[in-house]
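Taking it in order: structure first as structure tokens, then the write-up.
The values are calculated or read from the model by the stated rules, or taken from the named source; none is laboratory data. These numbers were taken from a predicted model, which means no experiment stands behind them. Using ideal geometry, Cβ is built from the backbone for each residue, glycine included, and neighbour counts are taken over all protein chains shown. Ligands, DNA and RNA are excluded from the accessible area calculation, which covers all protein heavy atoms including side chains. Shrake-Rupley method; radii C 1.70, N 1.55, O 1.52, S 1.80 Å.
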Amino acid sequence: MSATGNHSNRKQRLAILLSGRGSNMVALVQAVQHGVLQNLAEVAVVFSNKPDAPGLETAAALGCPTASLSSQGRKRAEFDAEVVEVLQQYQPDYVILAGYMRILSPTFIRAFAGRILNIHPADTHQHQGLHAYEWAFENRLPETKITVHLVDEGLDTGPILAQHPVDLRGADTLAEVERRGLAVEHMLYADTLVALVTKDRKKTH
Ligand code: GRF
């Protein structure tokens with residue numbers, strides 16, 4: 001956590017973690033640079049456990065500081081302890097998981113307790129873990145609910161901060177399900193952060 005505390009009126013520092021293409025990261029960076037988060041937050045670092053993740057290059061092209069540490073072949077707790085050290089150098093107020101394909105160890109969760117967010121492409125009460133869009137598509141669900149939640153030590157079990165429905169009627173392909181879902185993800189993640197940062201700030205006033 002930042003040495004100056006979480007609730008001041010300065011911009012809140014985001015560490016965004018990804019393992020892949022990073023479309024949620026892009027949406028958040030755009031919200032910080034010229035959207036709903038511009039007066040509220042700044043990107044402290046974009047971090048990946050995969051040094052060759054396409055999202056890292058995209059983040060650098062957008063002007064964000066980047067860092068990576070390969071998780072390949074590493075023991076979870078040891079790796080996470082190193083990631084915590086790396087992230088702490090950037091003094092994040094919030095750790096934002098954006099397609100970060102790792103289950104976090106207690107070491108990690110405790111280092112940033114109550115300040116880690118995740119986005120999940122389904123209602124976390126109905127579906128946890130990977131392949132949520134496939135699940136919605138294969139079951140021909142008329143709707144899925146994008147969920148932003150705080151991360152605790154379980155798999156997609158943390159308190160829900162926000163949910164938004166996605167109408168899946170008439171979505172004939174998995175690609176179409178994902179396209180509709182991601183459009184909602186990109187809007188909901190930034191909006192949820194606006195609400196959270198605003199609420200956390202009020203706690204000191
Ligand atoms: C998103 O669907 C997100 O909900 C899930 O992983 C995917 C990441 O996509 N946790 P992207 O890398 O942000 O494009």
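Hey, can you tell me all the residues within the range 20-29 that are open to solvent by less than 10 Å² (accessible area, probe 1.4 Å) and touching a residue at least 60 places away in the same chain (Cβ under 8 Å)? 22, 25, 28, listed by residue number.
When you scan the range 67-74, do you find a residue that is in contact (Cβ under 8 Å) with a residue 24 or more places away in the chain, buried (at least 16 other Cβ atoms within 10 Å of the Cβ), more than 16 Å from the chain's Cα centre (by Cα) and more than 20 Å from residue 193 (Cα to Cα), even just one? Yes, the range 67-74 contains at least one residue that is in contact (Cβ under 8 Å) with a residue 24 or more places away in the chain, buried (at least 16 other Cβ atoms within 10 Å of the Cβ), more than 16 Å from the chain's Cα centre (by Cα) and more than 20 Å from residue 193 (Cα to Cα). Only one of 53, 67 is more than 22 Å from residue 187 (Cα to Cα), within 14 Å of the ligand (Cβ to nearest atom) and modelled with pLDDT of 95 or more. Can you tell me which? Of the residues listed, the single one that is more than 22 Å from residue 187 (Cα to Cα), within 14 Å of the ligand (Cβ to nearest atom) and modelled with pLDDT of 95 or more is 53.
Okay, residues lined up against (1) within 21 Å of residue 188 (Cα to Cα); (2) within 15 Å of the ligand (Cβ to nearest atom); (3) open to solvent by less than 50 Å² (accessible area, probe 1.4 Å):
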{"position": "87", "(1), (2), (3)": "no, no, yes"}
{"position": "91", "(1), (2), (3)": "no, no, no"}
{"position": "97", "(1), (2), (3)": "yes, yes, yes"}
{"position": "103", "(1), (2), (3)": "no, yes, no"}
{"position": "112", "(1), (2), (3)": "no, no, yes"}
{"position": "129", "(1), (2), (3)": "yes, yes, yes"}
{"position": "142", "(1), (2), (3)": "yes, no, no"}
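Restricting 177, 166 to those that are assigned to a helix (DSSP H, G or I) and either open to solvent by 60 Å² or more (accessible area, probe 1.4 Å) or within 15 Å of the ligand (Cβ to nearest atom) (or both) reduces the list to 177.
The residues listed here are 136, 122; of these, the one that is in a loop (DSSP other than H, G, I, E, B), open to solvent by less than 20 Å² (accessible area, probe 1.4 Å) and within 16 Å of the ligand (Cβ to nearest atom) is 122. Give the residue that is farthest from the ligand (Cβ to nearest atom), with candidates limited to residues of the range 31-50 that are open to solvent by 30 Å² or more (accessible area, probe 1.4 Å) and touching a residue at least 24 places away in the same chain (Cβ under 8 Å). Across the range 31-50, the extreme among qualifying residues is 39.
Can you name the residue in the range 180-199 that is within 12 Å of the ligand (Cβ to nearest atom) and of a type in the set (Gly, Ala, Ser) and is also least open to solvent (accessible area, probe 1.4 Å) among such residues? The qualifying residue least open to solvent (accessible area, probe 1.4 Å) is 181. Is there a residue in the range 105-115 that is touching a helix residue (DSSP H, G or I) at 6+ places or on another chain (Cβ under 7 Å), assigned to a loop (DSSP other than H, G, I, E, B) and within 30 Å of residue 168 (Cα to Cα)? Scanning the range 105-115, I find no residue that is touching a helix residue (DSSP H, G or I) at 6+ places or on another chain (Cβ under 7 Å), assigned to a loop (DSSP other than H, G, I, E, B) and within 30 Å of residue 168 (Cα to Cα), so the answer is no.
Scan the range 102-115 for residues that are over 18 Å from residue 68 (Cα atoms) and hydrophobic (A, V, I, L, M, F, W, C) and the total you get is 4.
When the range 144-162 is filtered for residues that are among the acidic types (Asp, Glu) and away from the ligand (no atom under 11 Å from the Cβ), the ones remaining, listed by number, are 152, 153.
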